[in-house]
Amino acid sequence: MGRFSPIVRDEKAGTYYWCSCGESQGQPFCDGSHSRKHTGKAPLEVKIESDRKVAWCTCKQSSKKPFCDGTHSRVS
């Protein structure tokens, strides 16, 4: 797997906060690092309506944020 491969997980229905800055130690979810490190970014609230498998973006450049669209294969 590459440096920015998606994190694929079975998620339960609910609300999640996806890390948009890339600094969280709990990827793919926000741990507040954006505030401590003054990144100027904020987490993205994501509502998952039913239990399902999710491919969370880790390169932070997907056009379908917070979900992976394959962009990681084109970034270094």
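The values are calculated or read from the model by the stated rules, or taken from the named source; none is laboratory data. Being a predicted model, the structure only gives us computed values, none of them experimental. Virtual Cβ from ideal backbone geometry, glycine too; neighbours counted across all protein chains shown. Quick note on the areas: whole protein, heavy atoms, side chains included, nothing else; ligands and nucleic acids left out. Shrake-Rupley method; radii C 1.70, N 1.55, O 1.52, S 1.80 Å.
Checking each residue in segment 49-59 for being open to solvent by less than 100 Å² (accessible area, probe 1.4 Å), more than 10 Å from PRO28 (Cβ to Cβ) and of a type outside the set (A, V, I, L, M, F, W, C) picks out SER50, ASP51. Could you grab me the full set of residues in segment 30-42 that are out of contact with any Ser or Thr (no Cβ under 6 Å at 6 or more places or on another chain) and crowded, with 17+ Cβ neighbours inside 10 Å? Within segment 30-42, just HIS34 meets the criteria.
Considering the conditions (1) on the phi > 0 side of the Ramachandran plot; (2) open to solvent by less than 30 Å² (accessible area, probe 1.4 Å); (3) of a type outside the set (Val, Ile, Thr), GLY22 is excluded by exactly one of them, (2).
Which one of these is in contact with a strand residue (DSSP E or B) (Cβ under 8 Å, 6 or more places away or on another chain) and among the charged types (D, E, K, R): ARG36, ARG3, ARG9? Walk me through it before giving the result.
Details: ARG36 fails: in contact with a strand residue (DSSP E or B) (Cβ under 8 Å, 6 or more places away or on another chain); ARG3 fails: in contact with a strand residue (DSSP E or B) (Cβ under 8 Å, 6 or more places away or on another chain).
Unique residue meeting the criteria: ARG9.
With a requirement of 1 or more residues that are in contact with a Phe, Trp or Tyr (Cβ under 6 Å, 6 or more places away or on another chain) and among the β-branched types (Val, Ile, Thr), the strands (runs of 3 or more DSSP E) lying completely within the chain that satisfy it span 7-11, 44-48.
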